[in-house]
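One structure is given here, and the rest of the page talks about it.
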Amino acid sequence: MEELDGEPIVTLIPGVNSKKKQMCFDWGPGEMLVCETSFNKKGKSEMVPGCPFIYIIQKDIDVYSQILRKLFNESHGIFVGLQRIEEELTGKSRKAQLVRVSKNYRSVIRACMEEMHQAAIAAKDPAYGHRFSSQVSILSAMELIWNLCEILFIEVAPAGPLLLHLLDWVRLHVCEVDSMMADVLGSENPSKHESFWNLVTILVLQGRLDEARQMLSKEADSSPTSAGMCRILGDLMRTMPVLSPGNTQTLTELELKWQHWHEECERHLQDGTFASSPHLESLCKIMLGDEAALLEQKELLSNWYHFLVTRLLYSHPTVKPIDLHFYAQSSLDLFLGGESSPEPLDNILMAAFEFDIHQVIKECSIALSNWWFVAHLTDLLDHCKLLQSHNLYFGSNMREFLLLEYASGLFAHHSLWQLGVDYFDYCPELGRVSLELHIERIPLSTEQKALKVLRICEQRQMTEQVRSICKILAMKAVRNNRLGSALSWSIRAKDAAFATLVSDRFLRDYCERGCFSDLDLIDNLGPAMMLSDRLTFLGKYREFHRLYGDKRFVDAASLLLSLMTSQIAPRSFWMTLLTDALPLLEQKQVIFSADQTYELLRCLEDLTSGRPVHGEPDAQQLQDDDIETTKVEMLRLSLARNLARAIIKEGSLEGS
């Protein structure tokens, strides 16, 4: 995997001439912005670029497919379940569980492929129909490759059962024969149907000899002249030795029986038993594994790997896994015959037959349009302990690298990003760092989405990200004048500066409206009010109002005075606090003691003496000054009256 690949594919952007103009770009987590600049390579700059557009280049467009999203969602659950497989499971039980997981992945691919096929049929727009059909072909290839990898790397089928698995593999992926059989059997005279012999030939090529015998019996019934030949060939099909799953015979016994059967088939061919029927003679040659006879059926075989499996069935039924790649290579060469070069799918299958896992993954990464396939297959093979020796030269092992790439693509989608979180979680080296970088870029379009992101961060103790998200939400709430929500988020973020800012907004609102909003929140601040002095003041000031409302005037007066003398109240709010003291000063009973009254007078004098001198005042300022002057005079009068009453009361108490 370390060798360098060839030159990457050039992506042409419509309307842009990169030979004449210089491009500028900006990378994003899942896409890239590209635009043409006004800079000219010859040194002269132009005022207007030739292509006044900004292009968005997305690297994982498959995440936006409605049907493929089901593939991503379903496979996510399988992936998470695989990570939790008990490590104690060893031997056959572990292998069986891994095979089951692989089959689950394949069933998801097939379900998605079927839905895509139905969408292609139902599509009214030919362009959409073509796109869906193309996607069906890709999904079919993915399932074909995965199935072969399952047989070779996960099942690790030995000689004998290996061929049975390969036959099932071919039958599953060359399925036109079933519809052909339905057409033939549905006709009035099946043996006279134009596709009858093609059907029988395909059944023999796929090793479905019982069904081929049944079809030959129909030929025997309708044509007495060929009945004897059909019976002989049918007997040869019936007696062909095959290693069945429940059979206990050894490979040596099977080879001896097969050799004897093969000699019998050859004797019938040499004796000219089927000479009068070219179709039956051709079938006998196929059963003898005659390469020329097999290659005559290229159209029915349709691909080289079908040719390979048929060739093995009738020539080397006990082929060993280690010898597969020799037969695969020769079958590919014979089938193509030098007329065409191998396709990417051919190269991938050949790498699998050569048991070169890393080449399979590399070729799939190049050929397929997204990282889903290679990420999940590599993860499964890693659980089979097949990739432990392979580390990449740039940081992590191959499994983790591919999972990180796949998860990064999911984060480009507005809802699939939630699946990506789990993939990052199961990347021990770079997963957490990648998650932190990606989660910060999620657009928090709604509070519900923000709460999801926040919950994910809190579960993983991602303190910085939690604080950042809370700050963003607090700022949004302030912009929307939702002060209660803003205060709540700033407290959750433990951001003292922002909590101070929001508290100031609360106090300003109180000054303008004469009442507090979000009383429930302020009443239940608890220890959170200690986050900042201003928040503490807000909480205590609200407590003062509550005490006053409960007619606990003495406690309210003490709290009000402590807010001013402790310097916790902002100086700009002193006049409001002194004004709040007026009703207490005017009570029938003396609330403030003489010492407390002196303190209030001192605060009033500090406030009035420290007032800045303005230049030439305007009308509004003169009016505001008149109001302030009136307030000060009223306060001085009330404080003087209260002081006199307090001195008299305290003197009377001392005298008594």
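The values are calculated or read from the model by the stated rules, or taken from the named source; none is laboratory data. Keep in mind that this is a model prediction, so the values were computed, not measured. For neighbour counting, all protein chains shown are included, and Cβ atoms are generated from backbone atoms with ideal geometry for every residue, glycine included. Note: areas computed on protein heavy atoms with side chains; ligands, DNA, RNA excluded. Shrake-Rupley method; radii C 1.70, N 1.55, O 1.52, S 1.80 Å.
Within segment 355-393, track down each residue that is more than 27 Å from K320 (Cβ to Cβ), in contact (Cβ under 8 Å) with a residue 12 or more places away in the chain and open to solvent by 20 Å² or more (accessible area, probe 1.4 Å).
Step one: filter segment 355-393 for residues more than 27 Å from K320 (Cβ to Cβ), giving 365-376, 379, 391-393.
If we keep only those that are in contact (Cβ under 8 Å) with a residue 12 or more places away in the chain as well, we get 365-376, 379, 392-393.
Answer for segment 355-393, where residues must be more than 27 Å from K320 (Cβ to Cβ), in contact (Cβ under 8 Å) with a residue 12 or more places away in the chain and open to solvent by 20 Å² or more (accessible area, probe 1.4 Å): S365, I366, A367, L368, S369, N370, W371, L392, Y393.
Search segment 268-281 for residues that are in contact (Cβ under 8 Å) with a residue 40 or more places away in the chain and pair each with any residue that is buried (at least 19 other Cβ atoms within 10 Å of the Cβ) and not in a helix (DSSP H, G or I) when their beta-carbon atoms are under 6 Å apart and the residues are at least 6 apart or on different chains.
Partner pairs satisfying both residue conditions: L280/F274.
May I ask you to verify whether E543 is assigned by the TED database to the domain that holds G484 and open to solvent by 40 Å² or more (accessible area, probe 1.4 Å)? Explain how you work it out, then say what you get.
On the way: assigned by the TED database to the domain that holds G484: yes; open to solvent by 40 Å² or more (accessible area, probe 1.4 Å): yes.
Taking the combined requirement at face value, the residue satisfies it.
So, of the residues in segment 74-97 that are surrounded by fewer than 16 Cβ atoms within 10 Å (Cβ to Cβ), under 26 Å from A157 (Cβ atoms) and of a type in the set (G, A, S), which turns out to be modelled with the lowest pLDDT?
So, considering only residues that are surrounded by fewer than 16 Cβ atoms within 10 Å (Cβ to Cβ), under 26 Å from A157 (Cβ atoms) and of a type in the set (G, A, S), the one modelled with the lowest pLDDT is G91.
Between L280, L308, which is over 28 Å from L381 (Cα atoms) and aliphatic (A, V, I, L, M)?
Numbers: L308 fails: over 28 Å from L381 (Cα atoms).
Step by step, each of L280, L308 is checked, and only L280 is over 28 Å from L381 (Cα atoms) and aliphatic (A, V, I, L, M).
Test A352 against the criterion of being surrounded by 19 or more Cβ atoms within 10 Å (Cβ to Cβ) and either over 19 Å from F72 (Cβ atoms) or modelled with pLDDT under 90 (or both), and give yes or no. Explain how you work it out, then say what you get.
On the way: surrounded by 19 or more Cβ atoms within 10 Å (Cβ to Cβ): yes; either over 19 Å from F72 (Cβ atoms) or modelled with pLDDT under 90 (or both): yes.
Answer is yes for this residue.
Please report, ordered by residue number, the helices (runs of 4 or more DSSP H) entirely within segment 419-512 with at least 2 residues that are farther than 27 Å from H376 by Cα and modelled with pLDDT under 85. Steps first, answer last, please.
On the way: elements: 431-439, 447-459, 463-479, 483-492.
Helices (runs of 4 or more DSSP H) meeting the threshold: 463-479, 483-492.
Only one of R106, R100 is open to solvent by 50 Å² or more (accessible area, probe 1.4 Å), among the basic types (K, R) and part of a helix (DSSP H, G or I); which?
Working: R106 fails: open to solvent by 50 Å² or more (accessible area, probe 1.4 Å).
Just one listed residue meets the conditions, R100.
Mind counting the residues in segment 463-488 that are under 15 Å from T446 (Cβ atoms) and of a type in the set (A, V, I, L, M)?
Summing the residues that are under 15 Å from T446 (Cβ atoms) and of a type in the set (A, V, I, L, M) in segment 463-488 gives 4.
Name the residue, out of L251, L256, that is of a type in the set (A, V, I, L, M, F, W, C) and open to solvent by 90 Å² or more (accessible area, probe 1.4 Å). If you could, list the steps in order and put the result at the bottom.
Numbers: L251 fails: open to solvent by 90 Å² or more (accessible area, probe 1.4 Å).
One residue alone meets the criteria, L256.
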